Amino acid sequence: MKPARPEFVPDASATREEMEALQRDVAADATWSDDFDFDPGTVGSDRTTGSGVATGQRTLSTDHGAASAPLVAGVDQAFLDDRAVSVVVVRRGDTVVERAHAVTDLEIPYIPGLLAFREGGPILAAFAELTCEPDLVVFDGSGRIHYRQAGLATHIGVTLDVPSVGVAKGLLCGTPETGVDGRPEGWRTPILADDDVENAAPGTKIGHAFQSRQYDSRPIVNPIYVSPGHRVRVDTATDLVERLCAGYKLPEPTRLADAHADEVKRGLSE
DNA sequence: GCGACAG
DNA sequence: ATCTTGTCGC
């Protein structure tokens, strides 16, 4: 899979001003309304989507049911010295249909707000190795929840012109509408734009804090922060991620990509 | 100057 | 992100 918009490929050798300018251009081309052809209800595990048919004692995954499920990809990275191991794992229902990876030299350090310029190139290198075209891509980082509304999920989503969502373990910017501590599983609250977010009226909903996992009475799990990448609206992004969570804090696509990135990384040092 | 800050 | 053993709890 190659960039549909080569002009947006992040260039790590650009100046900070040029990077920020490119992000504004990316945000201007991003779509934050639903623009994908699959049924959101068919995303997630076969058990949850009903694409399997209960027959008394067994559950059969029907071929026609699985075939209609969209291709959902998870992207994650692992690091070794000054190299990035980027991986893309694609599933249809609960079946992994393709994995791709790339090992790339890192050009610049991590700078909050400029993550796509450090990891974007490596991620696109992994996508270049991918033969299928995912219907949805889940990134480990923010999308619209970003100073210029062009986080990693948005930047790469727009560059590849693929529907995408961002899932971050921490909040980069914006303000939760209500406190997020100790909330029950399934709970969500909007993340509202504040003065740190460009081109968004303060109060604009740019994502959600979502409690994907929680234990009984012990508020030890922090929520995840979900935001649209490209071609998905705020509420839909969180609906999709909720369907992709299968008993763990992080969505399954992310967990699979994370595990595979570690495998590739091991084979690199051993 | 101080605090905040995806991975 | 990464460096790292055991340990508390369902």
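The values are calculated or read from the model by the stated rules, or taken from the named source; none is laboratory data. Computed from a predicted model, the values in this text were never measured in an experiment. Methodologically, a virtual Cβ is constructed for each residue, glycine included, from the backbone with ideal geometry; neighbour enumeration extends over all protein chains shown. Heads up: the accessible areas ignore ligands, DNA and RNA and are worked out on the full protein's heavy atoms, side chains in. Shrake-Rupley method; radii C 1.70, N 1.55, O 1.52, S 1.80 Å.
I'm trying to understand the selection: among the residues of segment A:106-143, which are more than 8 Å from DNA strand B (Cβ to nearest atom), within 21 Å of A:A237 (Cα to Cα) and open to solvent by 30 Å² or more (accessible area, probe 1.4 Å)? The answer is A:E133, A:D135. Scanning segment A:148-162 for residues that are of a type outside the set (G, A, S) and either near DNA strand B (Cβ under 8 Å from one of its atoms) or not in a loop (DSSP other than H, G, I, E, B) (or both) yields A:L152, A:T154, A:H155, A:I156, A:V158, A:T159, A:L160. When restricted to residues that are of a type in the set (S, T, N, Q) and open to solvent by 60 Å² or more (accessible area, probe 1.4 Å), segment A:244-270 contains 1.
Could you pull out the residue among A:R218, A:R243 that is basic (K, R), modelled with pLDDT of 95 or more, over 19 Å from A:S142 (Cβ atoms) and more than 14 Å from DNA strand B (Cβ to nearest atom)?
Working: A:R218 fails: modelled with pLDDT of 95 or more.
Among A:R218, A:R243, only A:R243 is basic (K, R), modelled with pLDDT of 95 or more, over 19 Å from A:S142 (Cβ atoms) and more than 14 Å from DNA strand B (Cβ to nearest atom).
Here A:T178 fulfils each of the conditions (1) without any contact (Cβ under 8 Å) to a residue 60 or more places away in the chain; (2) in contact with a strand residue (DSSP E or B) (Cβ under 6 Å, 6 or more places away or on another chain); (3) surrounded by 13 or more Cβ atoms within 10 Å (Cβ to Cβ); (4) farther than 20 Å from A:E252 by Cβ apart from (3). The residues of segment A:224-239 that are open to solvent by less than 20 Å² (accessible area, probe 1.4 Å) and either away from DNA strand C (no atom under 15 Å from the Cβ) or acidic (D, E) (or both), listed by number, are A:V226, A:S227, A:P228, A:G229, A:H230, A:V232, A:V234, A:T236, A:A237, A:T238. Among the candidates A:H146, A:H155, the residue that is open to solvent by less than 10 Å² (accessible area, probe 1.4 Å) and touching a Cys at 6+ places or on another chain (Cβ under 8 Å) is uniquely A:H146.
Selection of first residues in segment A:242-270 that are free of Cβ contacts under 8 Å to residues at least 60 places away in the same chain and of second residues that are part of a helix (DSSP H, G or I) and open to solvent by less than 70 Å² (accessible area, probe 1.4 Å), restricted to Cβ pairs under 9 Å at least 6 apart or on distinct chains, gives the following pairs, ordered by first then second residue: A:C245/A:E252.
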